[in-house]
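**Q** Structure provided below as structure tokens; questions to follow.
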Amino acid sequence: MSRIGKKPISMPDKVKARVDGRTVHVEGPLGKLDYSLPEGINAAVAGNVINVSIAQGAADKAALFGTTRARINNMVAGVTKEFEKVLEISGVGFKGSVEGNRVSLTLGFSHPVLMDIPKGIKMSFDPKQTVLTIKGIDREAVGNLAAQIKRVKKPEPYKGTGIKYQGEHIIRKAGKTAAGAGAGAAKK
């Protein structure tokens, strides 16, 4: 049984939660979130604490026990404080902008890459248009959108151009000239 799943989820004063059948509803100052419980997992609200448990005779569903508790905990955290992902765009002429409910990225392709911004997500660029900040109350939606944007132009290992998470370290490779110069010197 999961140690994480056994921990009760404490809610701040501003957050309200309720369980309707197989759905957990969490409401806070920043919005509302819903989560459908997997089969064999139960949740109960007692005061300002949410407890997650495995249903009787559903030991085969124990793999989802800790995950369910973590998802509900992320919902409680999200409605009190937004989740944030920061992406850095590096490369000559690479930049982006937010235009209404779409984000436009210029990444060296023959056309700008246009992506729709999902409902409940806020995106903004810094003045240099190279640092993208994604904010929202749903941790899964923020992370998925950041990963989807990063997949458009992955950072390449030779020059380091592309889209990466802020603080992510890209392992750089030596180019052909650097590798050839070292190999030729060893032969003499």
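**Q** When the residues of the stretch 144-169 are narrowed to those that are hydrophobic (A, V, I, L, M, F, W, C) and assigned to a helix (DSSP H, G or I), which ends up farthest from the chain's Cα centre (by Cα)? Don't jump to the end; show me each part of the working.
**A** Filtering the stretch 144-169 down to residues hydrophobic (A, V, I, L, M, F, W, C) leaves 145-147, 149, 152, 163.
With assigned to a helix (DSSP H, G or I) added as a condition, the list becomes 145-147, 149, 152.
Details: LEU145: 7, ALA146: 6, ALA147: 7, ILE149: 11, VAL152: 16 Å.
If we take residues in the stretch 144-169 being hydrophobic (A, V, I, L, M, F, W, C) and assigned to a helix (DSSP H, G or I), then VAL152 is farthest from the chain's Cα centre (by Cα).
Conditions (1) crowded, with 19+ Cβ neighbours inside 10 Å; (2) of a type in the set (Asp, Glu), marked per residue:
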| site | (1), (2) |
| --- | --- |
| LYS32 | no, no |
| GLY47 | no, no |
| ILE50 | yes, no |
| ALA59 | no, no |
| LEU64 | yes, no |
| GLU84 | no, yes |
| LEU105 | yes, no |
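**Q** Given the condition without any contact (Cβ under 8 Å) to a residue 60 or more places away in the chain, touching a strand residue (DSSP E or B) at 6+ places or on another chain (Cβ under 6 Å), not assigned by TED's automatic domain parsing to the domain that holds GLY28 and not charged (D, E, K, R), answer yes or no: does some residue in the stretch 149-159 qualify?
**A** The answer is yes; a qualifying residue exists.
**Q** Out of ALA141, ALA174, I need the residue that is part of a helix (DSSP H, G or I) and outside the structural domain of ILE50 (by TED's automatic domain parsing). Which one? Give the derivation first.
**A** Numbers: ALA174 fails: part of a helix (DSSP H, G or I).
Only one candidate passes the filter, namely ALA141.
**Q** Could you tell me whether ARG22 is surrounded by fewer than 17 Cβ atoms within 10 Å (Cβ to Cβ) and either in contact (Cβ under 8 Å) with a residue 12 or more places away in the chain or under 30 Å from GLU168 (Cα atoms) (or both)? If you could, list the steps in order and put the result at the bottom.
**A** On the way: surrounded by fewer than 17 Cβ atoms within 10 Å (Cβ to Cβ): yes; either in contact (Cβ under 8 Å) with a residue 12 or more places away in the chain or under 30 Å from GLU168 (Cα atoms) (or both): yes.
It is true that ARG22 is surrounded by fewer than 17 Cβ atoms within 10 Å (Cβ to Cβ) and either in contact (Cβ under 8 Å) with a residue 12 or more places away in the chain or under 30 Å from GLU168 (Cα atoms) (or both).
**Q** ALA77 - would you say it is of a type in the set (Gly, Ala, Ser) and over 25 Å from the mean Cα position of the chain (by Cα)? First the steps, then the outcome.
**A** Details: of a type in the set (Gly, Ala, Ser): yes; over 25 Å from the mean Cα position of the chain (by Cα): no.
In short, no.
**Q** Show me the strands (runs of 3 or more DSSP E) found entirely inside the stretch 1-115 where at least 1 residues are among the polar types (S, T, N, Q). Can you show your working first?
**A** Numbers: elements: 16-20, 23-28, 31-36, 41-46, 49-54, 83-90, 95-99, 102-106.
Those strands (runs of 3 or more DSSP E) span 23-28, 31-36, 41-46, 49-54, 83-90, 95-99, 102-106.
The values are calculated or read from the model by the stated rules, or taken from the named source; none is laboratory data. Computed from a prediction, not measured in an experiment: that's the story for all the values here. Every residue, glycine as well, gets a Cβ built from its backbone with ideal geometry; the counts of neighbours run over all protein chains shown.
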